[in-house]
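The values are calculated or read from the model by the stated rules, or taken from the named source; none is laboratory data. Nothing here was measured: the structure is a model prediction, and the numbers come from that model. Every residue, glycine among them, receives a Cβ derived from its backbone with ideal geometry; neighbour counts consider all protein chains shown.
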Amino acid sequence: MKITLTGASGFLGGRLVSRLMDQGHTLHILGRSRPKGAVSFSPWNAVKEEPPREALEGAEAVIHLAGEPVAQRWTPEVKERIRTSRVNGTNALVKVLGSLPVRPKVLIAASAIGFYGERGDDLCTEATTPGTGFLPEVCVEWEKSAEAARAFGIRVVLIRIGIVLGPNGGALEKMLPPFRMGVGGVIGDGRQWMSWIHVDDVVGLMLHALENQSLQGPVNATAPRPVRNSELTKALGRVLHRPTIFPVPTLALRVLYGEMAQIVLASQRVEPIVAQRSGYVFRYADLLPALQDLLGPQTR
Ligand SMILES: NC(=O)c1ccc[n+]([C@@H]2O[C@H](COP(=O)([O-])OP(=O)(O)OC[C@H]3O[C@@H](n4cnc5c(N)ncnc54)[C@H](OP(=O)(O)O)[C@@H]3O)[C@@H](O)[C@H]2O)c1
């Protein structure tokens, strides 16, 4: 299949590109700088401009992951980039898709479980209404921009991605240093639900969405068994053989990260109902085997 991708240089994009290439797909990458290797590429800055038409002509599928990183201190400028790189970028992409005489069959667009905001112990499915605050507002606008492609006859799948556990980046890379030094511990009171997913399942779900023509709309990309932060902490200590007795106080996080601290403090107990009903079988449904795969003795 001919597939155009954005955000291909990122933590998820890199893994996805390898899998798609292994499967023999023909890829064209849109991004701010040329990736290594011989893959075909067109420059695009999602904040500033429309993507070049020729990068999208002939594509049978588009996978859109680009967006300013969220896990950084939210100054007013950073918040603006987080929003515009997603909302303006997706609007511009969809506008060009709509102008093509032959359009791709499917647009797979990244979104995030940040859509749900703070939910305590409530279960969140794809039918749950959005939360309140900066991240839910961005996610609502971001999804709306992608969904506009439906008016052009394009199947749109919105992948609401959870906390991705994978090597070389993402949440684990940020969480691990204190645990490795033996000073890891729960965050806040440790009761907040963390809806994690192994990176292989995020990629697996995107491939499933490419092939499964009945799938459309929001799809929660989270493992079927989310855990409380205290359970994640215990599992990390167990896999790394380190103590986990040093809690991180909520106040310290708020001082260190400001408003962004909410991404580790918010409680989101998400269920991947659409993925499971559509026949997707998670490779890692439970946390411990996922962590053992990523951090077991051979990878530590
Ligand atoms: N990883 C997670 O746990 C997680 C969770 C929920 C949602 N998501 C969403 O999934 C998508 C991919 O995640 P990821 O972890 O792979 O992200 P990432 O490593 O930060 O990569 C995102 C890509 O977006 C492009 N980008 C970054 N800043 C940009 C800006 N200011 N303007 C335009 N493009 C920009 C970059 O591509 P180029 O440099 O090639 O242009 C970058 O490689 C993101 O939209 C993210 O919000 C991820």
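Looking at the stretch 27-43, which of its residues are of a type outside the set (S, T, N, Q), within 12 Å of the ligand (Cβ to nearest atom) and in a strand (DSSP E or B)? Ile29, Leu30, Gly31, Phe41, Pro43 - these are the residues of the stretch 27-43 that are of a type outside the set (S, T, N, Q), within 12 Å of the ligand (Cβ to nearest atom) and in a strand (DSSP E or B).
Filtering the stretch 169-206 to residues that are basic (Lys, Arg) and more than 14 Å from the ligand (Cβ to nearest atom) leaves Arg180, Arg191.
If you go through the stretch 229-267 and keep only what is in contact with a strand residue (DSSP E or B) (Cβ under 6 Å, 6 or more places away or on another chain) and of a type outside the set (A, V, I, L, M, F, W, C), you end up with Asn229, Ser267.
Residues in the stretch 14-26 that are surrounded by 14 or more Cβ atoms within 10 Å (Cβ to Cβ) and either within 21 Å of Gly58 (Cα to Cα) or more than 9 Å from the ligand (Cβ to nearest atom) (or both): Leu16, Val17, Arg19, Leu20, His25, Thr26. The residues listed here are Val94, Val102; of these, the one that is β-branched (Val, Ile, Thr), touching a Phe, Trp or Tyr at 6+ places or on another chain (Cβ under 9 Å) and over 27 Å from Ile263 (Cα atoms) is Val94.
If I filter the stretch 65-77 for residues that are without any contact (Cβ under 8 Å) to a residue 24 or more places away in the chain, more than 14 Å from the ligand (Cβ to nearest atom) and under 30 Å from Met260 (Cα atoms), do I get at least one hit? Scanning the stretch 65-77 turns up at least one residue that is without any contact (Cβ under 8 Å) to a residue 24 or more places away in the chain, more than 14 Å from the ligand (Cβ to nearest atom) and under 30 Å from Met260 (Cα atoms). A count restricted to the stretch 231-249 and to residues that are crowded, with 19+ Cβ neighbours inside 10 Å and not in a loop (DSSP other than H, G, I, E, B) stands at 6. For Gly89, indicate whether it is farther than 26 Å from Asp200 by Cβ, within 12 Å of the ligand (Cβ to nearest atom) and touching a residue at least 60 places away in the same chain (Cβ under 8 Å). Taking the combined requirement at face value, the residue satisfies it. One residue alone among Ala151, Ala209, Ala221 is in contact with a helix residue (DSSP H, G or I) (Cβ under 8 Å, 6 or more places away or on another chain), more than 11 Å from the ligand (Cβ to nearest atom) and not charged (D, E, K, R), and that residue is Ala151.
Beta carbons closer than 9 Å, at least 6 apart along the sequence or on distinct chains, pair a first residue in the stretch 142-158 that is at pLDDT 95 or above with a second that is assigned to a loop (DSSP other than H, G, I, E, B) and basic (Lys, Arg) for Ala149/Arg103; Phe152/Arg103; Gly153/Arg103; Gly153/Lys105; Ile154/Arg103; Ile154/Lys105; Arg155/Lys105.
Filtering the stretch 130-164 to residues that are in contact with a strand residue (DSSP E or B) (Cβ under 7 Å, 6 or more places away or on another chain) and not in a helix (DSSP H, G or I) leaves Ile154, Arg155, Val156, Val157, Leu158, Ile159, Arg160, Ile161, Gly162, Ile163, Val164.
Of all residues in the stretch 182-209, those being surrounded by fewer than 22 Cβ atoms within 10 Å (Cβ to Cβ), of a type outside the set (Gly, Ala, Ser) and more than 21 Å from the chain's Cα centre (by Cα) number 4. Just give me the residues in the stretch 251-300 being in a loop (DSSP other than H, G, I, E, B) and within 20 Å of Trp193 (Cα to Cα), in sequence order. Correct list: Ala266, Ser267, Gln268, Glu271, Pro272, Phe282, Tyr284, Ala285, Asp286.
Filtering the stretch 179-199 for residues that are farther than 17 Å from Ala266 by Cβ and at pLDDT 95 or above leaves a non-empty set.
Residues checked against (1) within 23 Å of His198 (Cα to Cα); (2) modelled with pLDDT of 95 or more; (3) in contact with a Ser or Thr (Cβ under 6 Å, 6 or more places away or on another chain):
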{"site": "Leu16", "(1), (2), (3)": "yes, yes, no"}
{"site": "Arg19", "(1), (2), (3)": "yes, yes, no"}
{"site": "Arg32", "(1), (2), (3)": "no, yes, no"}
{"site": "Pro35", "(1), (2), (3)": "no, no, yes"}
{"site": "Val39", "(1), (2), (3)": "no, no, no"}
{"site": "Pro52", "(1), (2), (3)": "no, yes, yes"}
{"site": "Pro76", "(1), (2), (3)": "no, yes, no"}
{"site": "Val87", "(1), (2), (3)": "no, yes, yes"}
{"site": "Arg103", "(1), (2), (3)": "no, yes, no"}
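In summary, Ile108 fulfils each of the numbered conditions (1) surrounded by fewer than 24 Cβ atoms within 10 Å (Cβ to Cβ); (2) part of a strand (DSSP E or B); (3) not hydroxyl-bearing (Ser, Thr, Tyr) with the single exception of condition (1). Of the set (1) within 8 Å of the ligand (Cβ to nearest atom); (2) of a type outside the set (Lys, Arg); (3) surrounded by fewer than 20 Cβ atoms within 10 Å (Cβ to Cβ), all apply to Gly98 but (1).
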